[in-house]
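Engineer: So that we are looking at the same thing, I have put the structure below in structure tokens.
The values are calculated or read from the model by the stated rules, or taken from the named source; none is laboratory data. The structure presented is a predicted model; accordingly, all values stated were derived computationally and were not measured. Here the Cβ is made from the backbone with ideal geometry for all residues, glycine too, and neighbour counts use every protein chain on show.
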Amino acid sequence: MVAEFRVLTSNFSAENQKGPAIVSSVAKSGGQEFHGSGFFYARNFELNANDALNNASGVGRTQNKYYYPGGTIGGPVLIPHTGFNKSRNKLFFFTGYEYFYQVLDTGLLRATVPTPGELTGNFSPSEIAKEGSIIATGGPPGQLTSAALAKYPGGIIPTSQLDPNMLALAKLYPAANADPATTGGFNYVQAETFNQNNIQWMSRVDYNISDNTKLFVRYNLQRETQLFPVGLWWRNTDQVPYPTSVQGKNRSDSVTASLTHVFSPSMTNEFVFGYSFIGFPNVFADPSKVDRSKVGYTYQGLYKNGVAQIPSFGQFGPAEAALVFNPGGFEAGGASSGLYANKYMPSVSDTVAKVWGTHTIKAGFFWEWIRNAQPANNNTNGELLFAVGSAHELHRA
């Protein structure tokens with residue numbers, strides 16, 4: 001779809017309004033004859049070697065895939081049974097389409113999650129040992145104190161004494177799925193894969209208004225569903241998949257129009273209009289899976305702000321408690337936009353080129369307005385962290 005690609009780092013002329021580096025491209029256009037193309041790019045995990053960390057953790061190859069089919073066609077615009085553009089020198093079109101089928105991976109997830117017995121109050125030494133050996137202190141998993149064992153013989157805590165709110169959150173951890181003895185000390189190991197599919201459609205129309213006046217209009221469309229199965233935009237050590245994926249239903253639309261007029265063999269004027277919009281709405285794939293009232297978490301939090309999203313919980317870094325983490329802000333744009341980031345960029349420019357003898361002089365103006373509409377992304381949903389000190393445990397919301 002691209003006819004010309006340039007990277008400029010110096011010697012900018014009047015039509016180049018920004019620096020210090022400029023990357024520009026020119027879309028293909030149609031001609032007097034019809035031309036088309038088809039293409040297909042493929043990449044499959046079957047041809048990959050396994051990752052060293054996967055090998056060390058007893059995990060097979062990550063099953064990522066990339067398939068990109070597409071095609072283009074261009075030529076003169078003809079209207080059957082009329083004489084319009086009969087000479088094929090007035091109006092032309094070009095259009096191209098590409099589909100991106102992508103199965104990506106987010107890297108190997110390794111963490112320590114509650115065992116099935118612990119979720120029922122079983123904190124016996126044998127059950128705790130199933131957690132593995134990766135904790136903040138670098139030593140073995142913590143055991144109940146002698147006082148606690150005296151109160152709870154065998155380390156069995158009656159379910160009636162478990163806080164149902166904390167138990168509701170603990171049940172949102174993924175289930176333990178690995179033997180810590182073979183994974184380097186982790187009882188949860190997962191090569192998380194997800195789809196991130198995309199389409200791009202570009203079209204251009206060229207119109208020769210006269211021998212001295214040319215117009216073209218180009219439109220480019222992109223649509224993508226970007227999944228974030230672990231956390232939005234970034235991932236922390238020991239973080240595990242969120243109870244529901246965040247869906248980034250991204251879109252991009254841009255249009256460019258250029259009108260060029262030749263006043264004389266030595267004087268040319270070009271007027272360019274451009275408009276681009278990029279939208280990044282991020283919503284929960286299944287909001288009920290992180291809704292406090294739906295999962296059984298009834299605490300309101302410190303600020304009583306009415307946010308329905310569960311608090312983040314767990315521990316950052318190598319720890320006894322894996323991290324389930326996503327900041328708040330998803331309520332800002334409602335059910336359709338969630339935590340959004342919308343970019344608007346209209347621009348107008350005009351450049352005059354005049355040749356005097358052996359010299360060329362260019363002058364013009366450029367106007368652009370860049371607007372970013374994006375709410376804050378803070379811990380409005382609350383945060384429950386677990387930290388171990390010399391003689392205490394710290395919980396904060």
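Engineer: Of all residues in segment 308-322, which are farther than 19 Å from Ser245 by Cβ and surrounded by 16 or more Cβ atoms within 10 Å (Cβ to Cβ)?
Structural biologist: Result: Gln315, Phe316, Pro318, Ala319, Glu320, Ala321.
Engineer: Would you mention how many residues in segment 217-250 are part of a strand (DSSP E or B) and either of a type in the set (S, T, N, Q) or under 19 Å from Gln102 (Cα atoms) (or both)?
Structural biologist: Residues meeting the conditions: 15.
Engineer: Another one. Gly107 is checked against (1) in contact (Cβ under 8 Å) with a residue 24 or more places away in the chain; (2) farther than 30 Å from Val2 by Cβ; (3) surrounded by 15 or more Cβ atoms within 10 Å (Cβ to Cβ) and fails just one. What number does that condition carry?
Structural biologist: Only one criterion is unmet by Gly107, namely (3).
Condition check ((1) within 26 Å of the chain's Cα centre (by Cα); (2) hydroxyl-bearing (Ser, Thr, Tyr)) across all residues:
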residue: Leu8; (1), (2): no, no
residue: Asn16; (1), (2): no, no
residue: Gly19; (1), (2): no, no
residue: Ser29; (1), (2): no, yes
residue: Gln32; (1), (2): no, no
residue: Tyr41; (1), (2): yes, yes
residue: Asn48; (1), (2): yes, no
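Engineer: Looking at segment 158-177 only, could you name the residues that are in a loop (DSSP other than H, G, I, E, B) and under 29 Å from the mean Cα position of the chain (by Cα)?
Structural biologist: Correct list: Lys171, Leu172, Tyr173, Pro174, Ala175, Ala176, Asn177.
This table checks each residue for (1) under 17 Å from Val324 (Cα atoms); (2) among the basic types (Lys, Arg); (3) surrounded by 17 or more Cβ atoms within 10 Å (Cβ to Cβ).
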position: Arg204; (1), (2), (3): no, yes, yes
position: Ile209; (1), (2), (3): no, no, no
position: Leu215; (1), (2), (3): no, no, no
position: Leu221; (1), (2), (3): no, no, no
position: Val230; (1), (2), (3): yes, no, yes
position: Asp238; (1), (2), (3): yes, no, yes
position: Pro241; (1), (2), (3): yes, no, yes
position: Val255; (1), (2), (3): no, no, no
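Engineer: Of the residues that sit in segment 138-154 and are of a type outside the set (Ser, Thr, Tyr) and at pLDDT 85 or above, which one is surrounded by the most Cβ atoms within 10 Å (Cβ to Cβ)?
Structural biologist: Top of the filtered list is Gly154.
Engineer: Give Asp286, Asp291 a once-over and let me know the one that is exposed (fewer than 15 other Cβ atoms within 10 Å of the Cβ) and among the charged types (D, E, K, R).
Structural biologist: So the residue among Asp286, Asp291 that is exposed (fewer than 15 other Cβ atoms within 10 Å of the Cβ) and among the charged types (D, E, K, R) is Asp286.
Engineer: In segment 43-69, what residues are surrounded by fewer than 11 Cβ atoms within 10 Å (Cβ to Cβ), not in a loop (DSSP other than H, G, I, E, B) and not acidic (Asp, Glu)?
Structural biologist: Once the filter is applied, which keeps residues that are surrounded by fewer than 11 Cβ atoms within 10 Å (Cβ to Cβ), not in a loop (DSSP other than H, G, I, E, B) and not acidic (Asp, Glu), segment 43-69 yields Leu47, Ala52.
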